[in-house]
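What follows is a set of notes on a single structure, which appears directly below.
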Amino acid sequence: MFQTNPFPSNPHPCQHLSDFKLNHGFNAYKSIQNLLLTSPIGKRSSIKKPHTTPIPRCSICHSFEGRMYLCLICSSFSCLDHTLLHPQSQIAHSLFLDIQRAELYCALCHDQLYDPDFDQLVMSKYSTLLMSKASTLNETIGQRLIKRRRFDSSFDFRTSKYRLSNSIRDLRAKSCYPLGLRGFNNLGSTCFMNSVLQALLHAPPFRDYFLNAGHCMEACHKRIPNTDQQLCLLCDINAIFSAVFSGDRNPYSPAQFLYSWWQHSANLASYEQQDAHEFFISMLDAIHEKEGKSKNICRGNGDCQCIVHRVFSGLLRSDVTCMACGFTSTTYDPCVDISLNLDSNVSLAEKGKKLSKQNEDGSSMSTLSGCLDLFTRPEKLGSDQKLYCQNCQERQDSLKQMSIRKLPLVLSLHVKRFEHSFVKKMSRKIDRYVHFPFSFDMTPYLSSSILRARYGNRIFNFGGDDSDVFSEFKIFAVVTHSGTLESGHYVTFLRLRKQWYRCDDAWITEVDEAAVRASQCYMIFYVQKSLYNKANGDLSRRPNSPGRDTFLPIAGCC
């Protein structure tokens, strides 16, 4: 599936895009450029409003709600459903433009496409606008500041009563955004990668490690003499950090990183949509493996001290109790995240609090507290999972209970939204909303709290540790998933200096808390409260010393 290509410039486009450009050349893009209308105040670009169509409607169902797409061949409009059906009735009509985002979309690949030629054309239109405006003598300082903000491009039909654009506040100049906010171009079904990268780039301890030369590129033997060139994932991650925190606000293409990750995960090396959580685990595993080979990073007790384990690793406790004699078998397992099943019941911590939002099917909303209650609730194992009791010397019915022995610096919670039915032999997505707090105390789910609730305070020492002290967390990132299992899209919300930002591939926009809470969270990232408070300072005021690693281990990290 994957052919090793040490230093590619850009990923190859999909075959349908290649065929389109071969048959129609660059003139097809040129005709689109003539329709572009770019606003100097940073609003989304638009195309000239047709005289006969004040509002774009689907040519099949006449709907105007949701995303609308423009066929590059016949110039017909269609909703997403009929966009996917269009190539079946019109041969070779597979390439479309998302008129809201000004991005290419392939109806046969069911995903967005990134084409450098198209990107250059759109930016050329924008540059032409800036040059014409720069010649205006009466230009104010405020206007010049606004020009430095992000070029937020799309095709936007506007009328006095209707506006096909997101109601997202994006009023400030991009130069006023916190340092490190930079969009990523979609390289072809790579929104899963872009969303996770945005979260990792702003995980305070992980970020500080790379910005303070935790990985020395000069000392990394990426090229071994007399052998094929090898890609270094850590060097490519370091390059992303350098690019994102350089101050450049133009969207970045992490193509080199994508190829490096493909070398580590060859089974996932394709332009098909992947699972964001699976990518997260695979990426952390690759970093751990690379650092393990290049450094002696294990303590005498065997605990790994690579950056992944120092930041994300926690420790889970599993107690399996024999229901016949009460004998308990305890095991400990390291983890870099916690996967949670959805629970529609309101947790004990949420009782008495009225939740106004419900799911579309009328069922009660899940809460993060309820999901963690379910995770740490005693569960009777099935008859096929009977425990061999060392005391009874035979297999017995048993109860299993999970708890958290040690908390990490950065807590990653994964909400299980995809399930498979072995009876129906099909998979589906669970579209249930989850209420999650922005500040969270994990004390009720620690092993010490679980054991005290089980045995009381008089029995014995429950092995409390620093996690009991560093149990308060603050949210800093939420990875969300919209759409279906077959055709969905990942977006990340980042919380920087008490303000939320929506990172949708190349687009960075400012949003309020309501937009975050209304999303369908898939992965939630919390950081210890003390680290969050320190990280709220402006990074632009902090010197970047390449020769010194200022990352310090904090109690509570295993």
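The values are calculated or read from the model by the stated rules, or taken from the named source; none is laboratory data. This structure is a prediction, so every number in the text was calculated from the model and none was measured. Every residue, glycine among them, receives a Cβ derived from its backbone with ideal geometry; neighbour counts consider all protein chains shown. For the accessible areas, the whole protein counts, side chains as well, though only heavy atoms, and no ligand, DNA or RNA atoms are used. Shrake-Rupley method; radii C 1.70, N 1.55, O 1.52, S 1.80 Å.
The table that follows gives values for the structure above.
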{"read-out": "Near pairs, Cβ below 9 angstrom, 6+ apart or cross-chain, from the stretch 68-90 (of a type in the set (D, E, K, R)) to any residue that is open to solvent by 30 Å² or more (accessible area, probe 1.4 Å) and part of a helix (DSSP H, G or I)", "value": "none"}
{"read-out": "Residue selected from the stretch 426-444 under the condition of a type outside the set (S, T, N, Q) and assigned to a strand (DSSP E or B), by the criterion surrounded by the fewest Cβ atoms within 10 Å (Cβ to Cβ)", "value": "426"}
{"read-out": "Members of the stretch 71-123 that are among the hydroxyl-bearing types (Ser, Thr, Tyr) and within 29 Å of the chain's Cα centre (by Cα)", "value": "78, 83, 94, 105, 114"}
{"read-out": "Subset of the stretch 488-498 [at negative phi, surrounded by fewer than 23 Cβ atoms within 10 Å (Cβ to Cβ) and without any contact (Cβ under 8 Å) to a residue 60 or more places away in the chain]", "value": "495"}
{"read-out": "Checklist (1) open to solvent by 20 Å² or more (accessible area, probe 1.4 Å); (2) modelled with pLDDT of 85 or more; (3) not charged (D, E, K, R) applied to residue 50, failing item", "value": "(2)"}
{"read-out": "Residue that is hydroxyl-bearing (Ser, Thr, Tyr), within 20 Å of residue 253 (Cα to Cα) and open to solvent by 20 Å² or more (accessible area, probe 1.4 Å), where the choices are 114, 105", "value": "114"}
{"read-out": "Any hit, the stretch 455-464, residues being modelled with pLDDT under 95 and closer than 24 Å to residue 342 by Cα", "value": "no"}
{"read-out": "Qualifying residue in the stretch 93-112 (condition: of a type outside the set (Ser, Thr, Tyr), more than 21 Å from residue 184 (Cα to Cα) and modelled with pLDDT under 70)", "value": "no"}
